[in-house]
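The values are calculated or read from the model by the stated rules, or taken from the named source; none is laboratory data. Keep in mind that this is a model prediction, so the values were computed, not measured. Note: ideal-geometry Cβ built from the backbone for every residue, glycine included; neighbour counts use all protein chains shown. Accessible surface is based on the protein model in full, side chains and every heavy atom, while ligands, DNA and RNA are left aside. Shrake-Rupley method; radii C 1.70, N 1.55, O 1.52, S 1.80 Å.
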Amino acid sequence: MKKVILAYSGGLDTSCIVRWLKEQGYEVICFVADLGQGLGQGEDLAAIESRGLAAGAAKVYIKNLQDEFAEDFILPALKANAIYEGKYLLATALGRPLIAKYLVQIAHKEKAGAVAHGCTGKGNDQVRFEVSVGILDPELEILAPVREWEFKSREEEIEYAQQYNIPIDVTKKKPYSIDRNLWGISIEAGVLENLEQEPPEDAYLITKSPTGTSTYPKYIEVYFEKGVPKKIDGKSYKLKTLIQHLNEIGGLFGVGRADLVENRLVGIKSREIYEAPAAAILYTAHKELESLVLDRECSHFKEAVALKYAELVYYGLWNSPLKAALDSFVQATQKNVTGAVKLKLFKGACVAVSRKSRHSLYKKELSTYGKEDKFNQKLAEGFIRIWGMPYKR
Ligand code: ARG
């Protein structure tokens, strides 16, 4: 029998896919990637497993990949300061190549000839999965049932699930499409499709409304070592835990919300809102520290790299040669990114108020307007003459 490994979430779509693939003659093995979407808290792991089996899967793999996600996917993007279209901190986009990696790995272990996902034909995620899988193993067949099956609505899927006794929670109204992981939450559809409407408060899951947050600011200090966040307020954390911690604190102060109309890779514009408190805090702190320790040319060049890096992640090219080359560049720039940044969280904002590093290139005796001034102002005259020389007629 043909075998397929399905990226399984436990939701309605992928549960119906299990059954649907079986009807196409496949033995289905489900793979649930725990990237910090709240499995084991809100969603009971055992319940997901039994749902997969009830839907017809031969086996359900559940893997906690949160540490690997933090260290090998989130961290490089943070070091690069990669941000898409000025607002999106790439939580969903960063998760896909990791899920793809394990789909391929499990396919090899199970000697399966195919992998499958539950993405629609209109989004970026299908591209990310399929391009990533294709790079890792071009021999694997890739199935995308949602692109070809007959269901036209959620109601039809529910009917199908009921017909085959697939245990799904139909009482749960689903006003939005949500993708969640350790690095952030992506929320779309429903009323969000109306661009003239402010996102309703009930769309946000982990951030408080900035209007309702404390009237007192909170200060936190983040300490980095070679570009890696290591401590909060002097206390060491491993990366995953540090991110979880910052999500909590940031969320309380309404930090990390974004609302944008973005350009999808497939040519469609879509409106999506995001929550990423830890990501917002860490990006701010990291950039602030870099401004202290990187020279001007390196710093400006790195901004261009950040833009390209974000595109590559968004476009599903995580495993591309250019992305690997940019990683080497970024890594080389992080040698001196060691130090501490103090941030002020207040009503949705996160701003740096203090920064220090033993590698600081800031020289007070040069920048000061006070009497400790050591800068020889006479030198400026010659510099300006030569600098402006080519433009004089
Ligand atoms: N637009 C984001 C991206 O392409 C998120 C996509 C998934 N969003 C969702 N709500 N399911 O990375």
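Summary of values
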item	result
When residues of segment 87-131 are limited to those that are open to solvent by 40 Å² or more (accessible area, probe 1.4 Å) and of a type in the set (Val, Ile, Thr), the one nearest to ALA349 (Cα to Cα)	THR120
Subset of segment 354-381 [in contact with a Leu (Cβ under 9 Å, 6 or more places away or on another chain) and among the aromatic types (Phe, Trp, Tyr)]	TYR362, PHE375
Contacts under 8 angstrom Cβ, first residue in segment 189-208 being free of Cβ contacts under 8 Å to residues at least 60 places away in the same chain and open to solvent by 40 Å² or more (accessible area, probe 1.4 Å), partner of a type in the set (A, V, I, L, M, F, W, C) and away from the ligand (no atom under 15 Å from the Cβ), 6 or more apart	LYS208/LEU252; LYS208/PHE253
Flag if LEU143 is open to solvent by 10 Å² or more (accessible area, probe 1.4 Å), hydrophobic (A, V, I, L, M, F, W, C) and more than 16 Å from the ligand (Cβ to nearest atom)	yes
The lone exception for GLN244 - which of (1) of a type outside the set (Lys, Arg); (2) more than 16 Å from the chain's Cα centre (by Cα); (3) surrounded by 15 or more Cβ atoms within 10 Å (Cβ to Cβ) it fails	(2)
Residue within segment 132-140 that is within 20 Å of the chain's Cα centre (by Cα) and either surrounded by fewer than 19 Cβ atoms within 10 Å (Cβ to Cβ) or in contact (Cβ under 8 Å) with a residue 12 or more places away in the chain (or both) present	yes
Failed criterion for PHE329 (all others in (1) free of Cβ contacts under 8 Å to residues at least 40 places away in the same chain; (2) within 28 Å of GLU193 (Cα to Cα) hold)	(2)
Qualifying residue in segment 270-284 (condition: within 26 Å of GLN244 (Cβ to Cβ), more than 13 Å from the ligand (Cβ to nearest atom), more than 18 Å from the chain's Cα centre (by Cα) and not in a loop (DSSP other than H, G, I, E, B))	no
Strands (runs of 3 or more DSSP E) wholly inside segment 6-123 containing at least 1 residues that are away from the ligand (no atom under 16 Å from the Cβ), closer than 24 Å to LEU205 by Cα and touching a residue at least 24 places away in the same chain (Cβ under 8 Å)	26-34, 59-64
Hits in segment 124-136 (condition: part of a helix (DSSP H, G or I) and either of a type in the set (Gly, Ala, Ser) or under 17 Å from ILE185 (Cα atoms) (or both))	ASP125, SER132, GLY134
Count of segment 125-140 residues which are over 21 Å from ALA324 (Cα atoms) and within 16 Å of the ligand (Cβ to nearest atom)	1
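Each row is one residue, and each column tells you yes or no for (1) over 17 Å from LYS79 (Cα atoms); (2) surrounded by 21 or more Cβ atoms within 10 Å (Cβ to Cβ); (3) among the hydrophobic types (A, V, I, L, M, F, W, C).
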residue	(1), (2), (3)
ILE249	yes, no, yes
ARG257	yes, yes, no
GLU262	yes, no, no
LYS269	yes, no, no
GLU303	no, no, no
TYR315	yes, no, no
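Okay, residues lined up against (1) surrounded by 20 or more Cβ atoms within 10 Å (Cβ to Cβ); (2) within 16 Å of the ligand (Cβ to nearest atom); (3) under 30 Å from ILE249 (Cα atoms):
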| residue | (1), (2), (3) |
| --- | --- |
| LYS308 | no, no, no |
| LYS335 | no, no, yes |
| GLY339 | yes, no, yes |
| ALA352 | no, no, yes |
